[in-house]
1. Could you tell me which of the pairs 49/85; 49/199; 49/99; 13/85; 99/208 are separated by over 26 angstrom between their Cα atoms in the structure shown?
2. The range 159-219 to the range 34-113: how many Å between their Cα centroids?
3. Under DSSP H, which helices of the chain have Cα atoms covering 18 Å or more of the helix axis and a Kyte-Doolittle average no less than 0.5?
4. List the aspartates and glutamates whose Cα sits under 14 Å from the Cα of residue 211, skipping any in the same chain fewer than 8 residues away.
5. Select from 177, 17, 125 the residue whose mean-square fluctuation is largest in a Gaussian network model of the chain (Cα-Cα springs shorter than 10 Å).
6. What is the extension gain from residue 191 to residue 89, computed as 0.36 nm multiplied by their sequence separation minus the C-alpha to C-alpha distance, in nm to one decimal?
7. What FRET efficiency comes out for the pair residue 161/residue 56, r = Cβ-Cβ distance, R0 = 35 Å, nearest 0.05?
8. Rounded to the nearest 20 debye, what is the charge dipole size of the chain about its Cα centre when +1 sits on each Lys and Arg Cβ and -1 on each Asp and Glu Cβ?
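We did not get these values from a lab; they are worked out from the coordinates using the rules stated. Note that the coordinates shown come from a computational prediction; the quantities given were computed from them, not determined experimentally. Glycine also receives a Cβ, built like all others from the backbone with ideal geometry; neighbour counts cover every protein chain displayed.
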Amino acid sequence: MVKSNETIEERLKNALLLIRKYENGEAHELMQSYGNTMQNFGVSVPDLKTIAGVFAPDSELANILRRQPIRECIMLADLIDSPEKYSVELALAVSYSYKNTEQAQFGARFFLSRMSFASELATILLTDNQNYSRLIGLIIVSSISAEEFRQNPNLLIQTIELLSESEPESYDNITYLRALAGAGRHIVSFDATKISMVKSRIELLKVKYQKAYQFMNQEVIQLLEYC
């Protein structure tokens, strides 16, 4: 835990020192080989969580970390930020700041899904045209409780419709398909009455998007047999 009297400059310095402490050269090289052009030190998610544990929830530090062009700084910000200090508008601004799929997935899972207004946020993101908005929205959907869906029934219908009405290029994106399948499974896990709707939507993929249909059939429909 950092000392309560440390300045923001000292806290930022400590965060950067800890990131370098957990640096992984092999992981760094692997990320570079996959085309990750952002500066990174190859720090793993478990190690980032360890670093986050050193800091009390700290929105001030998180805001500064998000402005650093370093992979680990942006991800660490999502782990130490305080969701209760955010409005819908500020949360959307964070979602638009992500520069790649890894950041979007991480931020959705570890920060944006913790918002008290997560269902409202997901509703907006699922209809947004920003790069990673729908991906983030689907990941948030997968964390929403049954009670939140009951309070926001339009989100449930909106998500089911996306099973067959996403942008055409989305059905070639395995990361998006995984998030879409996860959202579909999550919905029927607490509302079995929606199984037929989910199945029928996925069946619509068969003609135009055969590969996507095969994936969704395996990841969702076949698993529904156990519901």
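1. Details: 49/85 21 Å; 49/199 37 Å; 49/99 21 Å; 13/85 24 Å; 99/208 30 Å.
In this structure, 49/199; 99/208 lie more than 26 Å apart at Cα.
2. Centre-to-centre distance over Cα atoms comes out at 28 Å.
3. On the way: long enough: 8-21 (20 Å, -0.09); 153-165 (19 Å, 0.55); 174-190 (25 Å, 0.78).
In the chain, the long hydrophobic H runs are 153-165, 174-190.
4. Partners within reach: 169, 172, 203, 219.
5. Checking each option, the largest mean-square fluctuation is seen for 17.
6. On the way: separation 102, 0.36 × 102 = 36.72 nm, distance 3.03 nm.
Result: 33.7 nm gained on full extension.
7. Numbers: r = 42 Å, r/R0 = 1.19.
Approximately 0.25, to the nearest 0.05.
8. Numbers: 23 positive and 28 negative charges, 48 e Å.
Taking the Cα centre of the chain as origin, the dipole is about 240 debye.
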